[in-house]
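What follows is a single structure, written as structure tokens, with notes after it.
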Amino acid sequence: MAHYISEPSHTFSEYLLIPGYTSENCIPDNVTLKTPLVKFKKGEEPAISLNIPLVSAIMQSVSNDTMAIALAREGGMSFIYGSQSIESEAAMVARVKNYKSGFVVSDANLRPDQTLADVLALREELGHSTMAVTEDGTSTGRLLGVVTSRDYRVSRMETTELVSSFMTPLEKLVTAPATTTLKEANDIIWEHKLNSLPIVDDNGHLLYFVFRKDYAQHKENPLELLDSKKSYMVGAGINTKDYETRVPALIDAGADVLCIDSSEGYTCWQAKTIKFIREKYGDSVKVGAGNVVDREGFLFLAEQGADFVKVGIGGGSICITRETKGIGRGQASALIEVAEARDEYYKRTGVYVPICSDGGIVHDYHMTLALAMGADFIMLGRYFARFDESPTQKLMVNGSYVKEYWGEGSNRARNWQRYDLGGKAKLNFEEGVDSYVTYAGSLHDNVAKSLYKVRSTMCNVGVTSIPELQRDAKLTLVSSVSIVEGGYHDVTLRATSGKN
């Protein structure tokens, strides 16, 4: 006879937090969201901590090097998707690690024989007003000049005019050599009243731009997630098939942490993957594992040596695993049980293995609930897919801007390694859908707003850190009618009203 869990499987929307005492000190500005990413022993500090409890999902439509840089700037981490060639993934990791904060590789580039029409098209596509003019039109070509919005006037020029006729030529530009530090670059910008400073090598090839606006941006992002060399930190997804070649390549590229990307982690294949890493690298290489939804799954992966464990099966907005296979668990129920197992393991062994809540986040307040239920950090796909920095196209559909978003188990991604159970090397059926999500703008603005809500709610609970939230939070299950009561009801909204 099968084993039955008598309690229904619950989701985040079925819970509310009960307010606690809020002291004068308990204000959003005093709340710290720093949280461990990898395991550590009692009395020690974790080797890697996040400054905000958010990581981006290991998905083609979410996590590339652009997303990784943007999220690390906010204090979180991206896990570069692994459903690509080893060389391609390693190159993305390397681009993040080689990115010099404040030194920007030009992505808006022109040849001198292009036209004003090309300038306008590039500006429409990328939104950038500063464009490098190089000999071959690449980001590292020999610099010939720069085009900014001050160099042309659409109303007084023909769109067929050549870039070479209206660009600011090299001889009129202030440039700096490759040895220039960021502080020196900013001093030059301020001294010469520049908006941007090209950095060129000894042969005149463009290396980077340093922008005046980025100085202010750096000051506005004190939580940047940096390694000991002041490079942005980045994670990378691996699978249980080609790990013997993928892992070394990603480590050589500079990945700070790895994560086994799988729909279900309570398997012999994950154990073999972790064993390989431990035998080859010891504890120097950090690797997360999962996903699991109960005590047994967590304890299995913790005992195999996982540095963190992901929790959640079937709760993603594009995931149809529960629909196609009838396997999974409500995210809240899964997280509560795994958190109890995590605390039990810590008391027994003195080793704290962080848990990551993966899936089930629909509203911003669900983030706070996930943390209160024991998650150390949260992995998000749909949330990040909506932003400018995600790798997908922005499209106009039915009068609204959207971005493409598809699951790793969809026919579009065909990431069969994620769902492999030792069978044939192919995707036998879909466990994800291909979809659109409403375009939401920049990552910075949205993350700041979401986390302000988290900090504000924590103050309502009476806490100023995630460990305090996990220790002191009081949660209550809600009925279907109280869910209705919690939204606006029995009123007619005015057309001018807006919801925050």
Worksheet item: Once the convex hull of the C-alpha atoms of region 156-240 is built, how many Å³ does it hold per residue, rounded to a whole number?
Response: 237
Discussion item. Could you work out what % of the accessible surface of the chain is carbon and sulfur, using a 1.4 angstrom probe and leaving DNA, RNA and ligands out of the count?
Written reply: 49
Item to complete: Pairs of Cα atoms under 8 Å, at least six residues apart: use those to get the relative contact order of region 215-281, whole percent.
Response: 30
Response to the item:
Projected area averaged over all directions for the convex hull of the alpha carbon atoms of the chain, nm², comes out at 29.1
Worksheet item: Among the trypsin sites (Lys or Arg not before Pro) within region 72-158, which fall in a DSSP loop and have no more than 11 other Cβ atoms within 10 Å of their own Cβ?
Response: ARG153
Worksheet entry | Residue-wise HN-Hα coupling along region 30-40, computed from phi with Karplus coefficients 6.51, -1.76, 1.60 (Hz; x: Gly, Pro) | 8, 7, 9, 10, 5, 8, x, 9, 10, 5, 7
Practice prompt. Would you list, by chain and number, the aspartates and glutamates whose Cα falls below 15 Å from the Cα of LYS229, excluding same-chain residues fewer than 8 positions away?
Written response: ASP256
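Of all DSSP beta bridges located in the chain, what percent are antiparallel, nearest 5?
Within the chain, antiparallel bridges account for around 55 percent of the total.
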Worksheet item: If you count the DSSP beta bridges with both ends in region 44-191, what percent of them are antiparallel, to the nearest 5?
Response: 65
Worksheet item: What size of dipole, in debye to the nearest 20, comes out for the chain about its Cα centre when the only charges are +1 on Lys and Arg C-beta atoms and -1 on Asp and Glu C-beta atoms?
Response: 300
Worksheet item: What is the mean projected area of the alpha carbon convex hull for region 357-403, to one decimal in square nanometres?
Response: 4.0
Item to complete: Could you tell me which of rounded, prolate or oblate describes region 189-326, using a ≥ b ≥ c as the square roots of the eigenvalues of the alpha-carbon gyration tensor, with rounded for a/c under 1.5 and, failing that, prolate when a/b is larger than b/c and oblate otherwise?
Response: prolate
Worksheet entry | Residue-level accessible surface for ILE355, protein heavy atoms, 1.4 Å, Å² | 0
Practice prompt. Find the Rg to Rh ratio for region 44-132, where Rh is the Kirkwood radius over alpha-carbon pairs and Rg uses the same atoms.
Written response: 1.08
Fill in: Computed over the chain: relative contact order in percent, which uses C-alpha pairs under 8 Å that are six or more apart
21
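Within the set of other residues whose C-beta is less than 11 Å from the C-beta of SER333, count the net charge using Lys and Arg as +1 and Asp and Glu as -1.
It works out to a net charge of -3.
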Practice prompt. Before rounding to the nearest 500, sum -39500 (n - 2.57) across all DSSP H runs of length at least 4 in the chain and divide by the residue total; then give [θ] at 222 nm in deg cm²/dmol.
Written response: -9500 deg cm²/dmol
Discussion item. What number comes out for accessible area per residue over region 192-341 if the probe is 1.4 Å? Units Å², please.
Written reply: 41
Worksheet entry | Gain on full stretching of the segment that runs from ASN398 to LYS453 - 0.36 nm per residue minus C-alpha separation | 16.7 nm
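The values are calculated or read from the model by the stated rules, or taken from the named source; none is laboratory data. Quick caveat, the model's predicted, so the values are computed rather than measured. Every residue, glycine among them, receives a Cβ derived from its backbone with ideal geometry; neighbour counts consider all protein chains shown. Heavy atoms of the whole protein, side chains included, go into the accessibility calculation; ligands, DNA and RNA do not. Shrake-Rupley method; radii C 1.70, N 1.55, O 1.52, S 1.80 Å.
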